[in-house]
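Contents: one structure, followed by commentary.
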Amino acid sequence: MSDNGFDHQKLSNRILLALGLGLVVGLALNLTVADVPWVRDYLIGGLFEVVGEIFIRFLSMLVVPLVFVSLIAGVSSLSDPKTLGRVGGKAVGLYLLTTGIAVTLAITSAIIVKPGEGASPDVIEEREIAAQPSFAEVLVEMVPRNPVEAMAQGDMLPIIVFAVLLGLAIATAGRAGERTRDFFADFNEVIMRLVGYVMMIAPYGVFSLIAVLGATTGWQTFLGVLQYVVLVFVMLILHAVVTYSILLKVFTGLSARTFFRKLRTVQAFAFSTASSGATIPVTLKTVEQRLGADNKVASFTVPLGATVNMDGTAIMQGIATGFIAQYYGIDLSLTQYLMVVLMVVMASVGAAGVPGVGLILLAGVLAAVGLPPEGIALILGVDRLLDMTRTAVNVTGDAAVTTIVAHSEGELNLAVYDDRNAGL
Ligand code: ASP
């Protein structure tokens, strides 16, 4: 797909470099001149914030049209509509499995390490807690009353339902269907090109987002809950590296190294935007063009994963529940812990992949096991950085499951997967 492989390779390196540089510049400002009015208002709160916000908007701008067009192109090209049910079943099964593993690992680690004993956060303030939708609500709301409304709201599940149905209709509508299918296949290529444009400005966007974070975070807030922060970090990395490598090896026999190498750019996007939803364009482009997953599978599993699959979020929630229980000196029973596992898995299904949503969902989990929801205030101050990190894990999970499902369907191009430079 590339005009010039070397330039694009440079681009992904530049995105990673921008991330590191943004952190250094942000921290340097934080330690020196962040309080000087013009630096605060015009550089950090001005230039950097504006560039970062514009970058996120460009990415978000692509999500709905890309998911819609790419999913129609994928589904309408299926020769046998039954394939879709099988792909969907495998993807949802694996998404639930990986989230279940994630939260179980998290709770176990929280029970062993006990990060909540001896924690000393500065403030606990009462917080308003948003209600969590019930399973029945999630189910009903998957069907759009009005597809345009769903698109305007960026509601991923109803968009997926509509696009899949439309794709099926196209696949079975004879000559008219064939013409429509060709149109969407072409349109999909065009939108992918647009994704390429947005990726070109990514280094500036990533730099700005990270610089603002570095410059405005009060790092002392981390000290009181340091054990919690470190434990979440360690478990996120452990899950990403160990669980996905094992699953890839067991289900596909493919090299996990190659997988992780090719996923770096996606992770950098997820980290700097803290949104798996906004990262969809990059995830989709990468799994198709760099890892070799066919659009038939990826166009379905990637947007689905951005909504349904949140392993990183599950890890935070599992550890946070243990942390809050320990902080308040409440002993949870085994049944309550099992309840947490179930709640966390269910919660991640209905939630959109947007910044900070994991913390809101946590309120429902805490309430379900009788823990004080205002305990969330304990970890509020440190959540931003953890949100970024867990989002990188969330999208890694989406890509891993997509790779596994595509492989099992014979829709993974192994030559592309093994080619270091594929899709550059
Ligand atoms: N920001 C996360 C995501 O978009 C969700 C969360 O954990 O808050 O995947």
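Against the criterion of being in a loop (DSSP other than H, G, I, E, B), of a type in the set (A, V, I, L, M) and either in contact with a Lys or Arg (Cβ under 7 Å, 6 or more places away or on another chain) or surrounded by fewer than 17 Cβ atoms within 10 Å (Cβ to Cβ) (or both), V190 does not qualify. Among the residues of region 313-337, the one identified as touching a helix residue (DSSP H, G or I) at 6+ places or on another chain (Cβ under 7 Å), more than 13 Å from the ligand (Cβ to nearest atom) and small (G, A, S) is G322. Inspect region 402-423 for any residue being within 16 Å of the ligand (Cβ to nearest atom) and either in contact with a helix residue (DSSP H, G or I) (Cβ under 7 Å, 6 or more places away or on another chain) or at pLDDT 95 or above (or both) and give the result as yes or no. Yes, because at least one residue in region 402-423 is within 16 Å of the ligand (Cβ to nearest atom) and either in contact with a helix residue (DSSP H, G or I) (Cβ under 7 Å, 6 or more places away or on another chain) or at pLDDT 95 or above (or both). Cβ-Cβ distances below 7 Å connect the following pairs, each with a first residue in region 257-276 that is among the polar types (S, T, N, Q), a second residue that is outside any helix (DSSP H, G or I), and a separation of six or more residues or different chains: S275/G353; S275/V354; S275/P355; S276/G353. Using the structure shown, decide if V340 is within 16 Å of the chain's Cα centre (by Cα) and either more than 16 Å from the ligand (Cβ to nearest atom) or crowded, with 22+ Cβ neighbours inside 10 Å (or both). For V340, the condition - within 16 Å of the chain's Cα centre (by Cα) and either more than 16 Å from the ligand (Cβ to nearest atom) or crowded, with 22+ Cβ neighbours inside 10 Å (or both) - is not met.
Could you check region 66-120 and list, in sequence order, the residues that are of a type in the set (V, I, T), within 24 Å of S408 (Cα to Cα) and open to solvent by 10 Å² or more (accessible area, probe 1.4 Å)? Hits for region 66-120 are T83, V92, I101.
For D294, indicate whether it is away from the ligand (no atom under 16 Å from the Cβ), at pLDDT 95 or above and open to solvent by 10 Å² or more (accessible area, probe 1.4 Å). Yes; evaluated as a whole, the condition is true for this residue. Scanning region 311-337 for residues that are crowded, with 17+ Cβ neighbours inside 10 Å, farther than 30 Å from L247 by Cα and of a type in the set (G, A, S) gives a single hit, A325. Out of the residues in region 343-359 meeting the condition of being touching a residue at least 60 places away in the same chain (Cβ under 8 Å) and over 17 Å from F135 (Cβ atoms), tell me which one is surrounded by the most Cβ atoms within 10 Å (Cβ to Cβ). Per the criteria, the residue is G353. Here the condition is being hydrophobic (A, V, I, L, M, F, W, C), crowded, with 22+ Cβ neighbours inside 10 Å and within 27 Å of G88 (Cβ to Cβ); of M235, M156, it holds for M156 alone.
Scanning region 255-266 for residues that are surrounded by fewer than 24 Cβ atoms within 10 Å (Cβ to Cβ) and either within 12 Å of the ligand (Cβ to nearest atom) or not in a helix (DSSP H, G or I) (or both) returns a single hit, S255. I'd like the full set of residues that are open to solvent by 20 Å² or more (accessible area, probe 1.4 Å) and either among the basic types (K, R) or touching a residue at least 12 places away in the same chain (Cβ under 8 Å) (or both), limited to region 390-411. Correct list: H407, S408, E409, E411.
Does F55 satisfy the criteria of being more than 19 Å from L284 (Cβ to Cβ) and open to solvent by less than 50 Å² (accessible area, probe 1.4 Å)?
no
Condition (residue is away from the ligand (no atom under 13 Å from the Cβ), on the phi < 0 side of the Ramachandran plot and polar (S, T, N, Q)) applied to region 343-353: is it met by at least one residue? Looking for residues that are away from the ligand (no atom under 13 Å from the Cβ), on the phi < 0 side of the Ramachandran plot and polar (S, T, N, Q), one finds none in region 343-353, hence no. Of the residues making up region 377-391, those that are more than 15 Å from T321 (Cβ to Cβ), near the ligand (Cβ under 9 Å from one of its atoms) and of a type outside the set (D, E, K, R) are M388, T391.
This table checks each residue for (1) free of Cβ contacts under 8 Å to residues at least 12 places away in the same chain; (2) over 25 Å from R179 (Cα atoms); (3) of a type in the set (F, W, Y); (4) touching a strand residue (DSSP E or B) at 6+ places or on another chain (Cβ under 9 Å).
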site: G46; (1), (2), (3), (4): yes, yes, no, no
site: E53; (1), (2), (3), (4): yes, yes, no, no
site: L59; (1), (2), (3), (4): no, yes, no, no
site: P65; (1), (2), (3), (4): no, no, no, no
site: S70; (1), (2), (3), (4): no, no, no, no
site: G74; (1), (2), (3), (4): no, no, no, no
site: T83; (1), (2), (3), (4): no, no, no, no
site: R86; (1), (2), (3), (4): no, yes, no, no
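Would you confirm, using the coordinates I've provided, whether F269 is farther than 24 Å from A106 by Cα, assigned to a helix (DSSP H, G or I), of a type in the set (A, V, I, L, M, F, W, C) and more than 16 Å from the ligand (Cβ to nearest atom)? Taking the combined requirement at face value, the residue does not satisfy it.
When A367 is tested against (1) small (G, A, S); (2) open to solvent by 30 Å² or more (accessible area, probe 1.4 Å); (3) within 18 Å of V103 (Cα to Cα); (4) within 16 Å of the ligand (Cβ to nearest atom), only condition (4) is not met. Out of curiosity, is F300 within 16 Å of the ligand (Cβ to nearest atom), surrounded by 24 or more Cβ atoms within 10 Å (Cβ to Cβ) and of a type in the set (F, W, Y)? Here the answer is no, as F300 does not meet what is asked.
The values are calculated or read from the model by the stated rules, or taken from the named source; none is laboratory data. Since this is a predicted model, take the numbers as computed values, not measurements. Here the Cβ is made from the backbone with ideal geometry for all residues, glycine too, and neighbour counts use every protein chain on show. Each accessible area value is taken on the protein alone, full model and side chains, heavy atoms only, with ligands, DNA and RNA left out. Shrake-Rupley method; radii C 1.70, N 1.55, O 1.52, S 1.80 Å.
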